[in-house]
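The values are calculated or read from the model by the stated rules, or taken from the named source; none is laboratory data. All values derive from a computational prediction rather than experimental measurement. For neighbour counting, all protein chains shown are included, and Cβ atoms are generated from backbone atoms with ideal geometry for every residue, glycine included. All accessible areas refer to the heavy atoms of the entire protein, side chains included, with ligands and DNA or RNA removed. Shrake-Rupley method; radii C 1.70, N 1.55, O 1.52, S 1.80 Å.
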Amino acid sequence: KNLIEIKNLNLQYGSDNRSSILALQDINLNLKEGEFLCVLGPSGCGKSSLLKVIAGYLKPSSGSCLMQGEMIKKPDWHRGVVFQSPTLYPWLTVKENVSFGPKMRNLAKNKIEEISSYFLDEVKLSGFGDRHTFELSGGMKQRVALARVLANYPQVILMDEPFGALDALTRDNMQGLIREIWQENDTTIFFITHDVDEALSLATRIIVMSKRPGEIVKEFKVNFTSQIL
Ligand code: ADP
Ligand code: ADP
C-alpha cells in the first residue's frame, strides 16, 4: 500500500528565469507502507530538496506529492524529520526534548511519561533523561533527536544523512539501532545517504538520483539474504 505518492514532480528554486535553478525534474515515486527506502546520489542532486517537499517545507513547482491521497501542504508530526545535525532544544533536558511532541498534543502527564521513557529506552538513553543535550556526544544527540521524532508515532520518518557527521564506530551502532527501531515500530523510513554501503545494509529499496536537475535514474530492491546482519 502506498503511503506517499509523488507524480511528475518538478521543483525550481527562484522564480525569474535567469537565476532560477531546477532542482528536481519529473520525479515519480511511491513510498510504500513499511519500506525502508534509501536515496543515493551525488551532492547537489536534490535529495534534500525531495525530502523537504515530502516533509511539507517546500511546495512543488508542478506535479503533486500526496500522503494517503491528501496533498502535503505543511509539516506535521505524521512525518518526522531527522537532519544531519540534530536540532534539539538546548534549554530542555533530554527527557523534556523527547516529551515535547506528546506535550504539544496535550496528552495526560502519565502518558507523556510512559511514552518518553519508552523511547528513551528504545534509543538506549534511559540513564540520561535528566541531562542537558549539550552534555551529550554527537551520536547521543542524534539518538535524542530520533527518540523525539518517534514519540510522535510518525507514519514516516524522513532522515537526511543522519549519521553523516558521526565517526565510523558510532555510525555502525546507529545503523544497527535504526534497523531495530524500523522493525520493532513497524514504521516507514525515507533515508538519504551518499554512502552506498550504508544504503545496502539498511534499505529494502534503493533509488539513485542523477546530478542536477535531480532525476531518479535507477531503482532496485535489496535482497535481504545478501546482507550481513
Ligand atoms: P542534495 O541534498 O542532493 O545535496 P539539494 O536538494 O540540497 O541536494 O540541492 C539540489 C540543488 O538545488 C543544488 O544545486 C542546490 O544548490 C540547489 N538548492 C538547494 N536549496 C536551495 C535554495 N534554498 N535556493 C536555491 N537553490 C537551492
Ligand atoms: P544538504 O546537502 O544537506 O542540503 P547543503 O550544504 O547543500 O546541505 O545545504 C544546506 C542548506 O542550504 C540547505 O537547507 C539548502 O536548502 C540550502 N541551500 C543549498 N544550496 C543553496 C543555494 N544555492 N542557495 C540557497 N540556499 C541553498
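Solvent-accessible area per residue for the chain at a 1.4 Å probe radius, Å²? Accessible surface, normalised per residue, equals 51 Å². When Rg and Dmax are taken over the Cα atoms of the chain, they come to 17.8, 56 Å.
For the stretch 111-167, pairs of C-alpha atoms spaced more than 18 angstrom apart make up 34 percent of the total.
Relative contact order of the stretch 37-79: 31 percent, from C-alpha pairs under 8 Å at least 6 residues apart in sequence. Of all DSSP bridge pairs formed entirely within the chain, close to 55 percent run antiparallel. Return the subset of 52/103; 95/124; 7/32; 74/211; 103/124 for which the Cα-Cα distance in this structure is over 18 Å, preserving the input order. Where the Cα-Cα span goes over 18 Å, the pairs concerned are 52/103; 74/211; 103/124. Label reach from residue 220 (point 7 Å along Cα→C-beta): in the stretch 35-65, no amide nitrogen lies under 12 Å.
The label-point distance for residue 13 and residue 28, in a model that sets each label 7 Å from Cα toward Cβ, rounds to 2.7 nm.
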